[in-house]
1. Residue by residue through region 253-306, note down the ones that are surrounded by fewer than 17 Cβ atoms within 10 Å (Cβ to Cβ) and small (Gly, Ala, Ser).
2. For region 312-325, give me each residue that is at pLDDT below 95, assigned to a helix (DSSP H, G or I) and surrounded by fewer than 18 Cβ atoms within 10 Å (Cβ to Cβ).
3. Pairs, please: C-beta under 7 Å, at least 6 apart or cross-chain, first residue at negative phi and in region 225-248, second open to solvent by 70 Å² or more (accessible area, probe 1.4 Å) and modelled with pLDDT of 90 or more?
4. List every residue pair whose Cβ atoms sit under 8 Å apart, with the two residues 6 or more apart in sequence or on different chains, where the first one lies in region 290-318 and is on the phi < 0 side of the Ramachandran plot and the second, anywhere, is in a helix (DSSP H, G or I) and exposed (fewer than 13 other Cβ atoms within 10 Å of the Cβ).
5. Which condition does Ala168 not pass, out of (1) surrounded by 18 or more Cβ atoms within 10 Å (Cβ to Cβ); (2) at pLDDT below 90; (3) closer than 25 Å to Tyr295 by Cβ, if it passes all the others?
6. Evaluate region 66-78: report whether one residue or more is modelled with pLDDT of 70 or more and within 27 Å of the chain's Cα centre (by Cα).
7. Of the conditions (1) open to solvent by 40 Å² or more (accessible area, probe 1.4 Å); (2) touching a Phe, Trp or Tyr at 6+ places or on another chain (Cβ under 8 Å); (3) modelled with pLDDT under 80, Gln129 satisfies every one except a single condition; which number is it?
8. Based on what the data block shows, is Leu203 in contact with an Asp or Glu (Cβ under 8 Å, 6 or more places away or on another chain) and among the aliphatic types (A, V, I, L, M)?
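The values are calculated or read from the model by the stated rules, or taken from the named source; none is laboratory data. No experiment lies behind these values; they were computed from the predicted model shown. Neighbour counts run over all protein chains shown; Cβ positions are idealised from the backbone, glycine included. When the accessible area is computed, the model is the full protein with side chains, heavy atoms only, and any ligands, DNA or RNA have been set aside. Shrake-Rupley method; radii C 1.70, N 1.55, O 1.52, S 1.80 Å.
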Amino acid sequence: MTTLTTPAQPGQHIPRPVPWSKLAWVSWRQYRVALLGAVSLLGVLALYLLIMGLRIRSGYASAGSCSLAASHLSRTCTTALLLFGGYHVWGETTAAVFMAIPMLIGAFAGAPILGRELEAGTFRFSWTQGAGRTRWALARLALPAVTVTAVAAALSLLFGWFYYPFFATGDSALAPQLFELTGIAFAAWTLAAFAIGTLAGVLIRKVVPAIAAAMAAWAGLLLITSLYLRRLYQAPLNVHTGGHGTPGASPWVISQWWTGPSGKTITSENKIIALLNHPQRGYTQWTTYEPGTRYWHFQFIEGAWLLALSLLLIAAAIWLIRRRAA
């Protein structure tokens with residue numbers, strides 16, 4: 001029997017639990033450097049989005065003043081359109097880089113919080129200081145979880161502002177490479193990565209392997225969601241467009257195919273290219289898509305189940321802490 005498991009004897013003085021305010025203060029003192037470092041990094045990213053966003057909007061305004069229907073574009077308009085096209089490539093590159101931010105923030109913030117103390121053994125001292133396992137774990141997790149989620153939410157708003165000119169010119173906000181970066185999804189995915197990292201730290205009890213495992217698990221979850229799960233939120237629509245492009249404004253196009261006069265699907269690439277250049281009577285192009293009007297509906301669905309998953313994972317981590325032998 002140890003001091004952690006010995007029951008209280010009759011008449012023995014039992015100390016009052018440490019107040020939540022003091023636990024929060026200890027948590028802040030312990031992790032303030034890491035939190036401030038993460039916030040500083042996100043501040044640099046936010047400054048980049050602000051500067052580049054102003055340039056992109058300026059290029060969008062210049063390109064928007066040019067008429068594409070004109071038979072001859074002036075040199076100024078040609079330069080403006082080329083510049084805006086270059087900004088589009090830059091914006092897509094930025095979006096690709098930002099896809100990894102929730103994973104990095106969540107894994108590097110979540111895995112060490114409990115995992116480092118379990119690896120070093122310092123949790124034994126913490127449990128004898130009147131905090132209790134549950135209160136100790138909650139105090140460690142609450143402040144970082146709220147901080148990374150709030151900062152991620154602010155960053156997603158700024159990214160939406162940064163990318164708006166490209167949404168206005170045809171990019172779909174429902175597209176897999178953009179959906180997770182805007183709305184409430186970015187914050188929800190960041191919190192999910194934090195929760196996955198927390199549970200990995202408790203299970204593996206070594207920080208570096210826990211970070212690697214959390215990153216792999218988060219990436220796998222995102223891939224499954226983007227490829228399969230998200231399209232189940234609401235049944236996609238099928239429509240034939242007669243070879244005249246995609247339906248509606250900024251839809252998420254899932255798949256397209258052609259059928260011939262007999263209704264049979266055309267699989268020849270050469271035939272499809274010929275039909276795209278010169279549509280023929282009796283041949284029909286079909287499109288499976290999610291309308292752009294479903295954006296917020298999908299955002300709330302994804303945010304809700306990610307929040308539920310995050311809370312469940314954090315609860316599982318705390319449950320494992322309570323059952324762990326000292």
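1. Listed by number, the residues that qualify are Ser255, Gly260, Ser262, Gly263, Ser268, Ala274, Gly282, Gly292, Ala304.
2. Ala315, Ala316, Trp319, Leu320, Arg322, Arg323 - these are the residues of region 312-325 that are at pLDDT below 95, assigned to a helix (DSSP H, G or I) and surrounded by fewer than 18 Cβ atoms within 10 Å (Cβ to Cβ).
3. Close Cβ pairs satisfying both conditions: Gln234/His297.
4. Cβ pairs passing all conditions: Ile318/Thr134.
5. (1)
6. Looking through region 66-78, none of the residues is modelled with pLDDT of 70 or more and within 27 Å of the chain's Cα centre (by Cα).
7. (2)
8. no
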